[in-house]
Structure formats: C-alpha cells, structure tokens
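Engineer: If you scroll down you'll find the structure; I have some questions about it.
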Amino acid sequence: MSTGVVRRYMRAIRAMAPGGPDVLTASDLPDPRPGPGEVVVDVAAAGVNFIDTYRRSGTYPMPFPHVVGGEGAGTVTEVGEGVTDVRQGDHVAWLDGSAGSYLELATVAARHLVPVPEDVTLETAAALMLQGVTAHYLATSTFPVQQGQTVLVHAGAGGVGLLLTQLAVARGARVLSTVSTDEKATLSRAAGADVALRYDALDDLSTELPRLVREITDGEGVHTVFDGVGRATFDASLASLRPRGGLALFGGASGQVPPLDPQRLNSAGSVYLTRPSIGPYVATREELVGRTDELFAEVAAGRLDIRIGARYALDEAADAHRALEGRATTGKVLLLP
Ligand code: NDP
C-alpha cells in the first residue's frame, strides 16, 4: 500500500571496505533529514583531502561502509530542532562533518558550520576550510612565523603548501619550499617562495636537502620546518633546522614517520618537534570562526590566492583520490556534486 510519501534519493560516494581508490562506490541514498542540532546542506563543493584517503585505506580507523569526506560548502536547505543561528538559504562551510561530504545533501552539526561571507564563493570556501585553517594554525599558533625568519615548507605547491607559503611571507618570513616538478616550482614561487627546491631530483634526500638548505641560509639552517610529507622528508627536516628550531610534522603524504629516539632532538640542536592535528587548534567555536573569518577576509581583500587545481564530478571521486595520492595535483582538489 502506498503511504503517499515520495521518497527522494541523493548521490553519495561511499568507501565500502578499507582499500585503494577502487573501493569508492557511487550509491543512491535516501535524502537525509536533520536531527536535533543538525542542518542539511545542499553541497556546492566538497573538498578532497589526504585524511579522506587515510580513512578510506584503513590507516585511520573508520566504520565501513562510510560516506567519504569531511569538508564542504553549500546552501542550507533544512534546519533541525534547536538550531537558532543558521537559517534556510544561508551559505555555510565546514571542515570535518562527521556524516561525510562526498554527497549531494550533507548533514552537519550546526556548531561545526561557519558562515561564508557574500564576497566569497562557495567553491573558494570549500577549498579554504581544512587546508586554510591548517596553514593558519601552523603559521600563527604552532610555531608562530616571525618577521625575518626563514622557514622550509615541504610540498610547496600542494593545498596546504601554497596557503602556508603565502601566510608565512605575509608575516615577513623568507620561505624555502620543496616541489617535484618545474610546474610546481613555478606555482610555489608565485605564492612567494624565495627558492623552490626539487627534492625529487636528489639522490639522497636525507643528506642533500639539508646541505642545500644550509648553503642557502649561510650555514645556519631554518627556524621552522613545516613537514606534511612525513616519512620521505622527516630526516632531512630535522637536519635542516638551526639550533632550537621547530619541526611541525603535520602529515604523512609519503607515509607515516616511524617511532624515534628523543635523543635525536638533542643532537639536532635542542630542537622542538610537534605532531599537530587540527582538532585542538579549533577546539572552541571562537577559535574556529576566528581563523576562518580571518582567512575569508584575506581572500576578499585579494591578499590570499586560493588555487583550485582540479574539479571532479562526484562520481569521479576515485580519480580524484588517485591524483592526490599520485602527486598529480596542485592546490585544492574539489568534487562538485
Ligand atoms: P597536498 O596538496 O600537499 O598533496 C600532497 C603533496 O605531497 C603532493 O602533491 C606531493 O607534492 C607531496 N608528496 C611527496 N611525496 C609524496 C608521496 N609519496 N605521495 C604523495 N604525495 C607526496 O596535500 P594537502 O595539502 O591536502 O595535505 C598535505 C599534508 O598535510 C598531508 O600529509 C595531509 O595529511 C596533511 N594535513 C594535515 C592536517 C593537520 O591538521 N595535521 C590538516 C590537513 C592536511 P610534490 O609532488 O611537490 O612532492
């Protein structure tokens, strides 16, 4: 017997089991309804991030199947009970929605949403959230970049890399970067890097990169290394620091760094090592909105360039993952539902 209720379905990309990009499967799921404190958003763009690949592959524990993605931006279509500060039609963005973002209609807790100003497009907002907030907390809170410092940014043409370079230069630092192609070197320099080093061309990255860094810095080494590449670059990063310098190991695009002996920090010159993740840097709503407001204002003022390197249809999510993991991307990768 028909109930008279027309059920609607939306497109969603799920990881069916831990594995490579092939486990990503397009499905039709019932349109969501917001629970208490939640909002449903018509997704204009979903961000593709390394964390999505770590969760898809099983590197970070997740239930399976799960709808992939954490980041996105769009227009509010429905608000749940108890939501007072968000309305239907609002433009909003989020950086780690727990119910997935590779879908047409996302369910997000209202407290995780930030308002997107009128002069910032939804694509730009989606592109800015996770990588922008990461670059912001690294440059302003983890090891606050100061006028006159020299810092090393690995994967300088990547999503975080391009933003972090711009923020560090704006704070008065000289930026050295690493990149794997001439095109990436050009992009990194356009973002403000003084020197873009081709780390892929080195026979022994661990010894040759620090040597190059010391040559460029008159033997001194850099104040800070921002390392999201991880396993492949970690030894070089430690050896590139000046005494009492800081290494922010914020990711493992090349693989996770194995356990290490604290004595290595001693012999590297009493250096500081931290392995930050975004959660503690946006622990309060004030901190989250404070960071995104600042970033949106920089974009609107034309002082922060957001490079969207690739756009894919939702059903092409596996190709987007292959490109990101295969070092074939620059700047931000978006899925457009
Ligand atoms: P990117 O756009 O920077 O892509 C990763 C880049 O890493 C590649 O383009 C590539 O640049 C470089 N790379 C070097 N070796 C490898 C390898 N073996 N496989 C793949 N890539 C490699 O990604 P994101 O900006 O999104 O993220 C950068 C890092 O930051 C990731 O490790 C991510 O997990 C981390 N991250 C951490 C956060 C945190 O809060 N801790 C938040 C957000 C991201 P090239 O070709 O020039 O070498």
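Engineer: Hull surface divided by four, with the convex hull built on the Cα atoms of region 58-105: how many nm²?
Structural biologist: Averaging across all directions leaves 4.2 nm² for the Cα convex hull.
Engineer: How would you order 282-291, 164-173 from highest to lowest mean count of nearby Cβ atoms within 10 Å?
Structural biologist: Put in order of decreasing packing, that is 164-173, 282-291.
Engineer: Using Cα-only point scatterers and the Debye equation, what is log10 of I(q)/I(0) for region 1-140 at each q in 0.15, 0.22 Å⁻¹, rounded to two decimals?
Structural biologist: The calculated log intensity ratios at q = 0.15, 0.22 Å⁻¹ are -0.75, -1.33.
Engineer: Using only the alpha-carbon atoms, how far is helix 159-170 inclined from the longest principal axis of the chain? Give it as 0 to 90 degrees, nearest 10.
Structural biologist: Roughly 60 degrees between the two axes.
Engineer: Counting heavy atoms of the protein chains only and a 1.4 Å probe, report the per residue accessible area for the chain as a whole number of Å².
Structural biologist: Values: 14890 Å² over 337 residues.
Counting only protein heavy atoms, the per-residue value for the chain is 44 Å².
Engineer: Now for a separate question. With the radius of gyration and the Kirkwood radius both derived from the Cα set of the chain, what is their ratio Rg to Rh?
Structural biologist: On the way: Rg = 20.6 Å, Rh = 20.6 Å.
Rg/Rh: 1.00.
Engineer: Given an 8 Å cut-off on Cα distances and at least 6 residues of separation, report the relative contact order of the chain as a percent.
Structural biologist: On the way: 762 pairs, mean separation 55.8, N = 337.
Contact order relative to length: 17 percent.
Engineer: Shifting gears a bit: If one computes P(r) from the Cα atoms of region 199-269, what percent of pairs lie at distances over 19 Å? Numbers along the way, then the final one.
Structural biologist: Details: 708 of 2485 pairs.
Of the Cα pairs, 28 percent sit more than 19 Å apart.
Engineer: Quick check: residue separation of Asp194 and Leu29 times 0.36 nm, minus the Cα distance between them. What number comes out in nm? Numbers along the way, then the final one.
Structural biologist: Numbers: separation 165, 0.36 × 165 = 59.40 nm, distance 4.85 nm.
Full-extension gain reported as 54.5 nm.
Engineer: Here's a follow-up. How big is the shadow of the Cα convex hull of region 147-275, averaged over all directions, in nm²?
Structural biologist: Across all orientations, region 147-275 yields a mean hull projection of 7.0 nm².
Engineer: Could you work out how far apart the two model spin labels at Thr181 and Glu294 are, taking each label as a point 7 Å from the Cα in the direction of the beta carbon, and quote it in nm?
Structural biologist: In this crude label model, Thr181 to Glu294 measures out at 3.3 nm.
Engineer: Something else: Which ³J(HN,Hα) values, rounded to whole Hz and listed in residue order, are derived for region 179-191 from phi using the Karplus coefficients 6.51, -1.76 and 1.60 in 6.51 cos²θ - 1.76 cosθ + 1.60 with θ = phi - 60°, glycine and proline given as x?
Structural biologist: 8, 10, 9, 5, 4, 5, 4, 4, 5, 5, 5, 5, 7
Engineer: At a Förster radius of 45 Å, what calculated FRET efficiency corresponds to the Cβ-Cβ distance of Arg111 and Glu215, to the nearest 0.05?
Structural biologist: About 0.35, to the nearest 0.05.
Engineer: Something else about it: How long are the semi-axes of the equivalent ellipsoid of region 84-201, taking √(5λ) for every eigenvalue λ of the Cα gyration tensor, in whole Å from largest down?
Structural biologist: Working through the eigenvalues yields semi-axes of 32, 16, 12 Å.
Engineer: Name the residues whose placed amide hydrogens come within less than 5 Å of the amide hydrogen of Thr77, ignoring near sequence neighbours (fewer than 5 apart) on the same chain.
Structural biologist: Long-range HN contacts for Thr77: Val40, Val41, Asp42, Gly89.
Engineer: Turning to a different aspect of this structure: Suppose a student asked you for the relative contact order of region 147-275, using Cα pairs under 8 Å spaced at least 6 residues apart; what percent would you report? Write down the numbers at each step before the final one.
Structural biologist: Values: 268 pairs, mean separation 25.9, N = 129.
Relative contact order comes out at 20 percent.
Engineer: Taking θ = phi - 60°, what integer Hz values does the Karplus form 6.51 cos²θ - 1.76 cosθ + 1.60 yield along region 113-125, in sequence order, with x for Gly and Pro?
Structural biologist: 8, 10, x, 9, x, 4, 8, 10, 6, 5, 5, 5, 4
Engineer: How large a share of the accessible area of the chain, in percent, is made up of carbon and sulfur atoms when the probe is 1.4 Å and the other protein chains stay in place?
Structural biologist: Result for the chain: 50 percent of the exposed heavy-atom area is carbon or sulfur.
The values are calculated or read from the model by the stated rules, or taken from the named source; none is laboratory data. Keep in mind the model is a prediction, meaning the values are calculated, not measured. Positions of Cβ are generated from backbone atoms using ideal geometry, with glycine treated the same way; all protein chains shown enter the neighbour counts. Accessible surface areas use protein heavy atoms only, side chains included; no ligands, DNA or RNA. Shrake-Rupley method; radii C 1.70, N 1.55, O 1.52, S 1.80 Å.
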